[in-house]
Amino acid sequence: MGIFSKTCEYAVRAVFFIAQRTADGSRAGIKEIAVNIDSPEHFLAKILQDLSKRGIIQSVKGPNGGFYLDAQSLARPLSDVIEAVEGGGIFRDCGLGLKECSSKNPCPLHHDFLDVRNRLQNMLESITIGQFNEDLNLGFVVLKK
């Protein structure tokens, strides 16, 4: 079990796969992406359409079309993908889901969770989308279970 929703997991894996394919100037089709990240194609198509509308990934329609990332997108922090899918609340909301949790009115996990949440946000803001291309190409990291 991951810390992100299934939608977010597929989005991140898809973006990493597209980044890897973009490195050599290729574009990736929805079927290819779905197979390589072990995702349901129809569900993934909706995710990628949303990421494209938000400008995180780019797409071209037609027989030579597909998804790709330009240089600006490759340099974006991974936190942009997370926030596009999960919303900014993942870096602000209470770990127990309470609406009124704050430093003045903390839940039992507030102080510890605040530290974990801040470290997660800092990590995701320091990782770029294109950062893992070489490791993916060499097989040091994987996108499929």
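Can you tell me what percent of all Cα-Cα pairs in the chain are more than 23 Å apart? When every Cα pair of the chain is considered, 38 percent fall beyond 23 Å.
Taken over the C-alpha atoms, region 1-62 has Rg and Dmax values of 11.1, 37 angstrom.
Computed in the context of the full set of protein chains, the accessible area of the chain at 1.4 Å probe radius has 52% of its extent on carbon or sulfur. Helix-only mean residue ellipticity at 222 nm, the chain, DSSP H runs n ≥ 4 weighted -39,500 (n - 2.57), per residue, nearest 500. What is it? Result for the chain: -15500 deg cm²/dmol, rounded to the nearest 500. The slack between THR128 and LYS145, meaning 0.36 nm per residue of separation minus the straight C-alpha distance, is 3.9 nm.
Centre-to-centre separation between the Cα atoms of region 73-145 and those of region 4-43: 19 Å.
In a simple Cβ point-charge model (Lys, Arg +1; Asp, Glu -1; nothing else charged), region 26-134 has a dipole of about 300 debye relative to its Cα centre. Per residue, the solvent-accessible area of the chain (1.4 Å probe, heavy atoms of protein chains only, all protein chains present) comes to 60 Å².
The values are calculated or read from the model by the stated rules, or taken from the named source; none is laboratory data. Just so you know, these numbers come straight off a predicted model, no measurement behind them. Virtual Cβ from ideal backbone geometry, glycine too; neighbours counted across all protein chains shown. Protein only, heavy atoms only, side chains kept; ligands, DNA and RNA dropped before computing areas. Shrake-Rupley method; radii C 1.70, N 1.55, O 1.52, S 1.80 Å.
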